[in-house]
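Worksheet: the structure to be examined is printed underneath.
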Amino acid sequence: MRNDRQAYLNGQFLPEREAKISIHDLGFAYGDAVYDTARTFGGRLFKLKEHIERLYDTLRYVRIDPRLSPAEMTALTEELVERNRHLLGPDDDYWVTQRISRGVARYDGEEPEYEGPTVMIETVPLPFKSRAAYYRDGIRVATPSVRRVPPEVLSPRAKTVNYLNMTMGDLEVKARDPGAWGVLLDVNGNLCEGIGANIFLVKNGQVLTPKEDYILPGVSRRCVMDLCGELGLPLVEKDLALHDAYIADECFLTSTSLCMCPVVSVNGAKVGDGKVPGPVTKKLLDGYSRLVGLDFVAQYLKRL
Ligand code: PLP
């Protein structure tokens with residue numbers, strides 16, 4: 001469907017439909033690219049600094065020089081949101097993503113189409129409608145047989161466009177239950193992370209989440225950890241087995257788009273008494289809404 005949004009591509013703002021990337025782009029050819037995604041609340045970017053910092057950490061890890069400073073990337077991102085703000089519907093918000101590939105492939109005897117990385121910034125309306133029921137019913141989590149890529153292979157702490165590992169897990173999960181959300185285990189069999197989301201359990205008043213070693217350190221995960229500190233909720237980062245999920249009182253996922261969303265079951269086993277959100281999750285949901293300055297649960301539920 002045609003839209004009037006603009007994107008940023010290699011030095012210029014232009015209509016999305018005119019933003020073209022080479023067929024020889026290494027991001028497309030080999031998944032040789034990185035990205036980060038922030039979101040807006042009420043049209044305003046949230047935690048952009050943290051997202052840009054993570055983006056530049058990932059760029060360093062994969063040794064791509066974007067030829068823009070973090071301050072320049074921040075300014076371009078803010079400008080794009082400004083340019084597209086008037087296209088937001090009432091109560092809508094944007095996913096805001098920077099994607100940077102290593103550039104285009106070079107072939108013997110041929111001039112490359114251009115030198116340097118491909119840098120793109122885009123905005124997409126958040127999928128409130130398709131996810132609204134998660135906030136009423138809770139998410140059904142399922143763990144596929146596919147394990148998350150371990151740090152010995154590719155650091156999960158880097159946010160690369162290599163999503164095939166998680167896509168394979170998601171295909172398996174969705175084939176069994178199209179409405180379920182896949183959470184991969186790590187190679188040791190511990191809970192790792194969801195498809196674009198981090199996972200938390202609550203047991204006897206303690207908030208538990210996997211350590212950073214095997215996961216992407218989510219910006220929303222950090223928000224929840226900080227909220228735990230503010231609300232006096234004990235927080236422990238540790239290896240968590242599926243057993244811990246089956247005996248947990250509460251469970252929730254965190255991500256930029258979800259913020260936080262309660263989980264109702266794990267592999268068909270009801271979490272706690274099966275009522276969502278549980279009391280600790282509710283406290284954190286309310287705290288999260290205060291933090292972002294908008295009742296994000298209501299923003300989702302409105303779309304039911
Ligand atoms: N884990 C993975 C693999 C992700 O790709 C993401 C975000 O897309 C997350 C976790 C959640 O991170 P954040 O809260 O920064 O969106």
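Assorted remarks:
- R0 of 41 Å, Cβ-Cβ distance ARG85-ILE21: FRET efficiency to nearest 0.05: 0.95
- Cα long-axis angle, helix 48-62 against the chain (0 to 90 degrees, to the nearest 10): 70
- The chain: most fluctuating residue of SER22, SER155, SER289 per GNM, C-alpha cutoff 10 Å: SER22
- GLN206 sits among other residues whose Cβ lies under 14 Å from its own Cβ, and their net charge, with Lys and Arg +1 and Asp and Glu -1, is -1.
- Applying 0.36 nm per residue to the separation of VAL161 and ASP226 and subtracting their alpha-carbon distance, the gain on full extension is 20.6 nm.
- Estimated from the Cβ-Cβ distance and a Förster radius of 22 angstrom, the FRET efficiency linking SER145 and GLN206 is about 0.15.
- Which listed pairs, of LYS203/LYS275; LYS275/LYS302; LYS174/LYS238, have C-alpha distances above 26 Å, in listed order: LYS174/LYS238
- Applying 0.36 nm per residue to the separation of ARG290 and ASP273 and subtracting their alpha-carbon distance, the gain on full extension is 3.4 nm.
- Label-zone membership for the stretch 110-133, site ASN10, 7 angstrom Cα→C-beta point, backbone N under 14 Å: 111-121
- Derived scalar couplings between HN and Hα for the stretch 213-218 equal 3, 10, 10, 7, x, x Hz in order, rounded to whole Hz, by the Karplus curve 6.51 cos²θ - 1.76 cosθ + 1.60 (θ = phi - 60°), x for Gly and Pro.
- Nearest-ten-degree value, helix 219-231 long axis tilted from longest Cα axis of the chain: 40
- The longest stretch of the chain left intact once loop-based GluC sites (Glu not before Pro) with at most 16 other Cβ atoms within 10 Å are removed from consideration, loops following DSSP, is 153-304.
- Working from Cα pairs under 8 Å separated by at least six residues, relative contact order for the stretch 131-301 is 25 percent.
- For GLY138, net neighbour charge (Lys/Arg +1, Asp/Glu -1) across residues whose Cβ lies under 15 Å away: +1
- Net length gained if the chain between ASN188 and ARG2 were fully extended (0.36 nm per residue, minus Cα distance): 62.4 nm
- Label-point gap, in nm, between GLU113 and ARG67 - each point 7 angstrom along Cα→Cβ: 1.5
- Sites LEU304 and ARG106, calculated FRET efficiency, Cβ-Cβ separation with R0 45 Å, nearest 0.05: 0.30
- Relative contact order of the stretch 6-126, pairs being alpha-carbon contacts under 8 Å that are 6 or more residues apart, as %: 36
- For the chain, a Gaussian network of Cα nodes joined below 10 Å ranks TYR114, TYR214, TYR246 by mean-square fluctuation, and the top entry is TYR114.
- The chain: relative contact order in percent, alpha carbon pairs under 8 Å with at least 6 residues between: 17
- Highest-MSF residue in the chain out of PRO217, PRO150, PRO90 [GNM, Cα springs under 10 Å]: PRO90
- Crossing angle, helix 164-176 versus the chain [Cα axis fit, 0-90 degrees, rounded to tens]: 50
- Relative packing of 265-272, 158-165, which averages over residues the other C-beta atoms within 10 Å, highest first: 265-272, 158-165
- Computed over the alpha carbons of the stretch 224-304, Rg followed by Dmax gives 13.2, 36 Å.
- Once backbone amide H atoms are built at 1.01 Å from N, ALA241 has LEU191 as its partners under 5 Å, excluding neighbours fewer than 5 places away on the same chain.
- Table column - 3J(HN,Hα) (Hz), the stretch 286-294, Karplus curve with 6.51, -1.76, 1.60, x for Gly and Pro: 5, x, 5, 4, 4, 4, 8, x, 7
Here, each number is a calculation from the coordinates, and none is a lab measurement. Note that the structure is a prediction, hence the values are computed from the model and not measured. Neighbour counts run over all protein chains shown; Cβ positions are idealised from the backbone, glycine included.
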